[in-house]
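Please read the structure below before turning to the comments.
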Amino acid sequence: MRIGINSGAMSGPETTFPGLIARARKMEALGFHSFWLAHIFGFDAITALAVVGQATERIELGTAVVPSYPRHPLVMAQQAATANAAAGGRFTLGIGLSHKPIIEGMFGLSYARPARHMAEYLQVLAPALRGEQIDHQGEQYGAHARIQVPEAPSTPLLVAALGERMLELAGTHADGTITWMTGPRTLEQHVIPKIRAAAAQAGRSEPRIVAGIPTAIVGDIDAARSRIDKGMAMYGKFDSYRGMLDREGAAGPADVAMIGDEAALRKQIQRFRDIGVTDLNCAILGVGDHDATVEFLAGELR
């Protein structure tokens, strides 16, 4: 199982290009397999990772995740291929639906029939990322072009998928899924078997399972849980995450966070490894000891 680090802070040095580049270089030097950038309300994640790609050499760079609605799938494919070229073939595009309050409230777009939207979106995006000619005329998109970036003939694609239909789409069209706020029981019993079955049905290779997990080495568990549930309360309110928390039997985000001492984290990491997670995407929390958490995770690389 590969271990990566998530970035995407809304404050601090990583909100500047020098800070973001320094962070990515440090994670690369420590041996982490991947560096994931959240797409929230700061940097455009694809553009930022294209820049980071020019400043790093080995580490995989991926978005976690870019919303599909605001970008035509050909535009998304072109941007991703450009970033992949800039990163020397080390870029992975992670996309997702986002959430109704963001798509309708921020962008003023309809969030009606999200699974139908993603189904059509992937019919254009997935082959476009492989450099294929696209001739598509659907309900939401017309697409007639071929994206040609010689330095990036193909770009890997992950789809944030939690519901059954989304997992079916991810397994059918993408290289895997990238999750957030989803605990090990739900991954083992729901996410992994369903996306694997869809991939097998489509004749695709076994999908990547990139699990985004809030992570921290902490001494005072109760204080850390309280801060996590307060600071990440919004994730318990979005329908998709709430559904995964309910499946897990989790009251809030703290119940799916990977927190505790080194022994506790090592046990949790092994659980993810055992159930078939291919990649951990560790979002290091602002609780506990940040540096100790990074050093511990670096020591767990295999």
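The values are calculated or read from the model by the stated rules, or taken from the named source; none is laboratory data. Bear in mind the structure is a predicted one, so any value in this text is a computation, not a measurement. Here Cβ is always computed from backbone atoms with ideal geometry, including for glycine, and neighbour counts include all displayed protein chains.
Here L162 fulfils each of the conditions (1) under 21 Å from D44 (Cβ atoms); (2) aliphatic (A, V, I, L, M); (3) under 18 Å from the mean Cα position of the chain (by Cα) apart from (1). Of the strands (runs of 3 or more DSSP E) lying entirely inside the range 149-234, not one is found with 3 or more residues being touching a Lys or Arg at 6+ places or on another chain (Cβ under 8 Å), of a type in the set (K, R) and modelled with pLDDT under 95. Among the residues of this structure, A211 does not count as one that is over 16 Å from G243 (Cβ atoms), surrounded by 20 or more Cβ atoms within 10 Å (Cβ to Cβ), among the hydrophobic types (A, V, I, L, M, F, W, C) and in contact with a Pro (Cβ under 7 Å, 6 or more places away or on another chain). Picking from G4, G53, which residue would you name as being closer than 18 Å to F296 by Cβ and either outside any loop (DSSP other than H, G, I, E, B) or within 12 Å of the chain's Cα centre (by Cα) (or both)? None of the other options fit; the residue is G4. Just one residue in the set G94, G89 is assigned to a loop (DSSP other than H, G, I, E, B), under 30 Å from H33 (Cα atoms) and touching a residue at least 60 places away in the same chain (Cβ under 8 Å); that residue is G89.
Find all pairs meeting these conditions: Cβ atoms under 7 angstrom apart; at least six residues apart or on different chains; first residue within the range 20-47 and of a type in the set (S, T, N, Q); second residue assigned to a loop (DSSP other than H, G, I, E, B) and crowded, with 21+ Cβ neighbours inside 10 Å. Correct list of pairs: S34/I59. Say whether the condition of being acidic (D, E) and either within 30 Å of A251 (Cβ to Cβ) or loosely packed, with under 15 Cβ neighbours inside 10 Å (or both) is met by at least one residue in the range 115-136. Yes; the residues of the range 115-136 include at least one that is acidic (D, E) and either within 30 Å of A251 (Cβ to Cβ) or loosely packed, with under 15 Cβ neighbours inside 10 Å (or both). Listed by first and then second residue, the pairs with beta-carbon distance under 7 Å, at least 6 apart or on different chains, first residue in the range 249-265 and charged (D, E, K, R) and part of a loop (DSSP other than H, G, I, E, B), second modelled with pLDDT of 95 or more and buried (at least 23 other Cβ atoms within 10 Å of the Cβ), are D261/I217.
Here V66 fulfils each of the conditions (1) modelled with pLDDT of 95 or more; (2) under 27 Å from Q270 (Cβ atoms) apart from (2).
Set side by side, the residues L74, L30 differ, and just one is closer than 27 Å to D274 by Cα, over 17 Å from the mean Cα position of the chain (by Cα), of a type outside the set (G, A, S) and surrounded by fewer than 22 Cβ atoms within 10 Å (Cβ to Cβ), which is L30. Restricting attention to the range 33-49, which residues are assigned to a helix (DSSP H, G or I) and surrounded by 21 or more Cβ atoms within 10 Å (Cβ to Cβ)? Selection gives A45, I46, A48, L49.
Each residue in the range 227-246 was checked for being free of Cβ contacts under 8 Å to residues at least 24 places away in the same chain and either out of contact with any helix residue (DSSP H, G or I) (no Cβ under 8 Å at 6 or more places or on another chain) or at positive phi (or both), and 4 of them qualify. In the range 266-302, what residues are of a type in the set (A, V, I, L, M, F, W, C), buried (at least 16 other Cβ atoms within 10 Å of the Cβ) and farther than 22 Å from A64 by Cα? Correct list: F296 only. Checking each residue in the range 98-141 for being part of a loop (DSSP other than H, G, I, E, B), touching an Asp or Glu at 6+ places or on another chain (Cβ under 9 Å) and touching a residue at least 12 places away in the same chain (Cβ under 8 Å) picks out H99, Y111, G138, E139, Q140, Y141.
Taking the criterion of being among the aliphatic types (A, V, I, L, M), outside any loop (DSSP other than H, G, I, E, B) and farther than 19 Å from G231 by Cβ, the residues of the range 267-289 that qualify are I269, I275, L280.
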